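Notes to accompany the following structure.
The values are calculated or read from the model by the stated rules, or taken from the named source; none is laboratory data. Just so we're clear, the structure is a prediction, and the values are computed from it rather than from any experiment. Positions of Cβ are generated from backbone atoms using ideal geometry, with glycine treated the same way; all protein chains shown enter the neighbour counts. Ligands, DNA and RNA are excluded from the accessible area calculation, which covers all protein heavy atoms including side chains. Shrake-Rupley method; radii C 1.70, N 1.55, O 1.52, S 1.80 Å.
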There are 2 protein chains.
Amino acid sequence: MYGLIGKMKTAPGQRDAVIAILLEGTDGMPGCRSYVVARDPTDPDAVWITEVWDSAELHRASLALPGVQDAIARARPHITGFGERFETEPVGGFGV
Amino acid sequence: MYGLIGKMKTAPGQRDAVIAILLEGTDGMPGCRSYVVARDPTDPDAVWITEVWDSAELHRASLALPGVQDAIARARPHITGFGERFETEPVGGFGV
């Protein structure tokens with residue numbers, strides 16, 4: 001499996017709008033086992049995204065899906081940058 | 001919801017043993033929505049754990065469960081420390 005843990009920074013006041021866009025497209029992504037969107041309780045402009053995929057290739061392929069492309073286009077104007085980013089190799093657990 | 005993202009450091013050569021212990025106890029934890037154990041591809045002695053719970057209280061209560069207490073006792077000799085740790089407020093997604 002392939003995992004990603006990452007923090008996204010959003011423009012002031014736009015976090016909930018970005019989260020709503022992110023949540024629209026989390027179903028029906030081939031190879032996606034888990035995709036969790038979370039607020040950062042210490043930063044009103046930060047979003048954490050944790051992802052588990054069958055493979056890095058399927059994650060990469062997802063970025064070309066029409067629904068994902070559309071979400072990226074709509075969210076991009078409200079994204080100001082990225083913070084921590086960690087790739088992982090999930091081995092198991094609950095909910096994955 | 002309540003989320004945790006954390007990195008655990010294990011003694012040299014003991015990572016797989018610690019992961020096996022962690023994976024034994026991931027079912028049947030009340031309030032646990034997701035508990036993913038992952039290797040760090042950049043550090044042979046590091047494990048990432050990402051968790052989603054219904055509440056911080058249920059996460060805290062889980063630490064007193066007999067199965068969790070037993071796992072902690074068996075893993076502790078092989079744990080040398082902790083790295084990054086982030087609390088989050090999950091709002092939704094896939095697999096949670």
Where residues in the range B:70-96 are within 19 Å of B:Gly28 (Cβ to Cβ) and within 13 Å of the chain's Cα centre (by Cα), which of them is most open to solvent (accessible area, probe 1.4 Å)? B:Ile72
Name the helices (runs of 4 or more DSSP H) wholly within the range A:1-86 that hold at least 3 residues that are more than 24 Å from B:Met1 (Cα to Cα)? A:56-62, A:66-75
What pairs come up if the first residue lies in the range A:62-83 and is among the polar types (S, T, N, Q), the second is surrounded by 11 or more Cβ atoms within 10 Å (Cβ to Cβ) and not in a helix (DSSP H, G or I), and their beta carbons are under 6 Å apart, counting only those six or more places apart or on different chains? A:Ser62/A:Met29; A:Thr80/A:Lys9; A:Thr80/A:Ala11
Given the residues A:Val47, A:Val37, A:Val18, which is the only one that is within 13 Å of chain B (Cβ to nearest Cβ), open to solvent by less than 30 Å² (accessible area, probe 1.4 Å), within 18 Å of B:Glu89 (Cα to Cα) and touching a Leu at 6+ places or on another chain (Cβ under 7 Å)? A:Val37
Can you tell me how many residues in the range B:21-34 are open to solvent by 30 Å² or more (accessible area, probe 1.4 Å), at the interface with chain A (Cβ under 7 Å from one of its Cβ atoms) and free of Cβ contacts under 8 Å to residues at least 40 places away in the same chain? 2
